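The values are calculated or read from the model by the stated rules, or taken from the named source; none is laboratory data. Remember, predicted model here, so these are calculated numbers, not experimental data. Here Cβ is always computed from backbone atoms with ideal geometry, including for glycine, and neighbour counts include all displayed protein chains. Only protein heavy atoms, including side chains, enter the accessible area calculation; ligands, DNA and RNA are left aside. Shrake-Rupley method; radii C 1.70, N 1.55, O 1.52, S 1.80 Å.
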Amino acid sequence: MISPQDAKSRTCIDVHQHLVSDVFRTMLRGVGITGGAGEELAEWSARTTLDTMDRCGISASVLSYTISGIVIEDLQFFRRLSRASNEYLAELIQKYPGRFGGFALLPLPDIDATLKEIEYAMDVLKLDGVGMHSNMGGIYPGDSRFDPVFDELNRRKAVIHLHPTDIPGNHELRPQWPPYIVEFMFETTRAVSNLIFSGAMERYPDLSIILSHAGGAAPYLALRLWTGEFTIDGLQGRAPKGVLDYLGRFYYDTAMASSPVTFGALLKAVDTGRVLFGSDYPYMPDIAIAGYMDEINKYPDFSAQTRNNIYGDTALGLFPRLQKTPNAGGGIS
């Protein structure tokens with residue numbers, strides 16, 4: 001843990017932190033869902049979250065729901081779950097001003113319900129953006145079926161937090177270990193590839209998309225993805241600025257990805273002003289969060305300004321709410 005003095009002197013905004021509210025947990029349990037992707041739903045409360053944030057020196061967190069590995073086929077239930085979960089999130093933000101922001105849970109792939117939930121979540125609840133998964137109902141971001149949703153989010157200049165989930169389709173092909181160990185990284189990479197190769201990154205220039213876990217394998221495979229420019233028919237027309245340019249347009253969070261090896265690949269693919277701190281709490285404990293911070297602090301190729309960008313300066317540009325209200329944890333002014 002960092003010292004109380006350090007906690008008060010530094011702004012740290014965590015853009016990859018989950019909540020498992022009572023309403024979210026209870027509604028899922030009511031339909032027999034207690035977890036997914038090899039994990040049970042984490043224990044969570046606002047008080048223990050704030051205590052962890054204070055111990056770790058996290059000034060504010062932008063919260064998201066994750067349904068990784070959870071399949072919800074009842075569309076009416078998914079609509080109710082999204083609405084109730086988003087309303088709780090808005091209440092939490094109001095109760096602890098300056099400590100929390102939030103990404104709306106969307107009932108994708110239900111397009112009509114999602115468009116209504118975007119309007120309600122952003123115009124009425126005033127949430128800070130939306131959460132998506134690497135595939136939703138087996139459909140990857142960038143697929144034309146999601147165009148109405150991306151059209152609306154681009155019009156709003158929205159922030160999207162993209163989280164991995166389990167592979168769709170034939171799960172017999174999945175290895176025996178839990179998918180969050182390995183497969184999540186490739187799911188994110190599939191989503192990134194589809195967003196670029198489909199032309200979505202060109203069509204929606206006003207979106208700010210945060211990729212979980214430093215983009216999965218995408219930074220490491222940047223050159224491999226680039227070869228699509230001369231091997232995929234029509235790609236130059238759909239992605240005229242080039243694969244590497246679009247890779248540089250994403251934001252990348254550091255959750256479960258703070259290591260010298262990852263940083264080395266990431267810095268070759270993206271400007272340091274596109275890297276954001278993420279903890280993956282409550283699925284990662286305090287000791288892991290402290291380890292992530294230690295790796296950021298000691299990485300030799302990060303300047304002081306780069307560290308400031310990662311810890312909060314870049315996030316403040318994406319989430320204006322967190323610039324305005326001081327908080328008890330110290331750091332935001």
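Yes/no matrix, rows are residues, columns are (1) charged (D, E, K, R); (2) within 18 Å of residue 71 (Cα to Cα):
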site: 119; (1), (2): yes, no
site: 123; (1), (2): yes, no
site: 137; (1), (2): no, yes
site: 153; (1), (2): no, no
site: 158; (1), (2): no, no
site: 164; (1), (2): no, yes
site: 169; (1), (2): no, yes
site: 185; (1), (2): no, no
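May I ask you to list the residues in segment 217-241 that are open to solvent by less than 50 Å² (accessible area, probe 1.4 Å), out of contact with any Ser or Thr (no Cβ under 7 Å at 6 or more places or on another chain), outside any helix (DSSP H, G or I) and closer than 22 Å to residue 160 by Cα?
219, 239 - these are the residues of segment 217-241 that are open to solvent by less than 50 Å² (accessible area, probe 1.4 Å), out of contact with any Ser or Thr (no Cβ under 7 Å at 6 or more places or on another chain), outside any helix (DSSP H, G or I) and closer than 22 Å to residue 160 by Cα.
In segment 257-266, how many are more than 21 Å from residue 229 (Cβ to Cβ) and more than 19 Å from the chain's Cα centre (by Cα)?
Matching residues across segment 257-266 total 3.
Restricting attention to segment 63-86, report how many residues are open to solvent by 60 Å² or more (accessible area, probe 1.4 Å) and at pLDDT below 95.
Adding up the residues that qualify gives 2.
Looking at 90, 46, 42, 60, which is the one that is open to solvent by less than 20 Å² (accessible area, probe 1.4 Å) and farther than 21 Å from residue 290 by Cα?
After applying the criteria, what remains is 90.
Considering every residue within segment 10-17, establish whether at least one is of a type outside the set (D, E, K, R), within 27 Å of residue 312 (Cβ to Cβ) and either part of a loop (DSSP other than H, G, I, E, B) or modelled with pLDDT under 90 (or both).
Looking for residues that are of a type outside the set (D, E, K, R), within 27 Å of residue 312 (Cβ to Cβ) and either part of a loop (DSSP other than H, G, I, E, B) or modelled with pLDDT under 90 (or both), one finds at least one in segment 10-17, hence yes.
May I ask you to list the residues in segment 88-137 that are among the acidic types (Asp, Glu) and free of Cβ contacts under 8 Å to residues at least 40 places away in the same chain?
Correct list: 91, 110, 112, 117, 119, 123.
Restricting attention to segment 268-292, and to residues there that are of a type in the set (A, V, I, L, M) and more than 19 Å from the chain's Cα centre (by Cα), which single residue is least open to solvent (accessible area, probe 1.4 Å)?
Among those that are of a type in the set (A, V, I, L, M) and more than 19 Å from the chain's Cα centre (by Cα), it is 290.
Look through 214, 265 and report the one residue that is modelled with pLDDT under 95 and part of a helix (DSSP H, G or I).
Answer to the selection: 265.
So residue 125 clears everything in (1) out of contact with any helix residue (DSSP H, G or I) (no Cβ under 7 Å at 6 or more places or on another chain); (2) closer than 30 Å to residue 11 by Cβ except one condition, right? Which one?
The number of the failed condition is (1).
Which members of segment 293-308 meet the condition of being in a helix (DSSP H, G or I), open to solvent by 30 Å² or more (accessible area, probe 1.4 Å) and over 10 Å from residue 263 (Cα atoms)?
294, 297, 298, 304, 305, 307, 308
If you check residue 252 against the conditions, is it among the hydroxyl-bearing types (Ser, Thr, Tyr), open to solvent by 60 Å² or more (accessible area, probe 1.4 Å) and outside any helix (DSSP H, G or I)?
no
On the basis of being polar (S, T, N, Q), within 17 Å of the chain's Cα centre (by Cα) and closer than 26 Å to residue 112 by Cα, does residue 254 make the cut?
no
Give me the pairs: first residue in segment 140-153 and open to solvent by 40 Å² or more (accessible area, probe 1.4 Å), second residue of a type in the set (Phe, Trp, Tyr), beta-carbon distance under 8 Å, and six or more apart or on different chains, which are they?
Within 8 Å, the pairs are 151/204.
Please state which one of 84, 104, 90 is among the small types (Gly, Ala, Ser) and touching a Ser or Thr at 6+ places or on another chain (Cβ under 8 Å).
104
Checking residue 160 against (1) surrounded by 14 or more Cβ atoms within 10 Å (Cβ to Cβ); (2) at pLDDT 95 or above; (3) farther than 25 Å from residue 238 by Cβ, which test does it fail?
Single failed check for residue 160: (3).
Quickly run through segment 282-295 and pick out the residues that are touching a Ser or Thr at 6+ places or on another chain (Cβ under 6 Å) and not charged (D, E, K, R).
Once the filter is applied, which keeps residues that are touching a Ser or Thr at 6+ places or on another chain (Cβ under 6 Å) and not charged (D, E, K, R), segment 282-295 yields 289, 292.
Restricting attention to segment 23-47, and to residues there that are without any contact (Cβ under 8 Å) to a residue 60 or more places away in the chain, assigned to a helix (DSSP H, G or I) and not basic (Lys, Arg), which single residue is farthest from residue 107 (Cα to Cα)?
46
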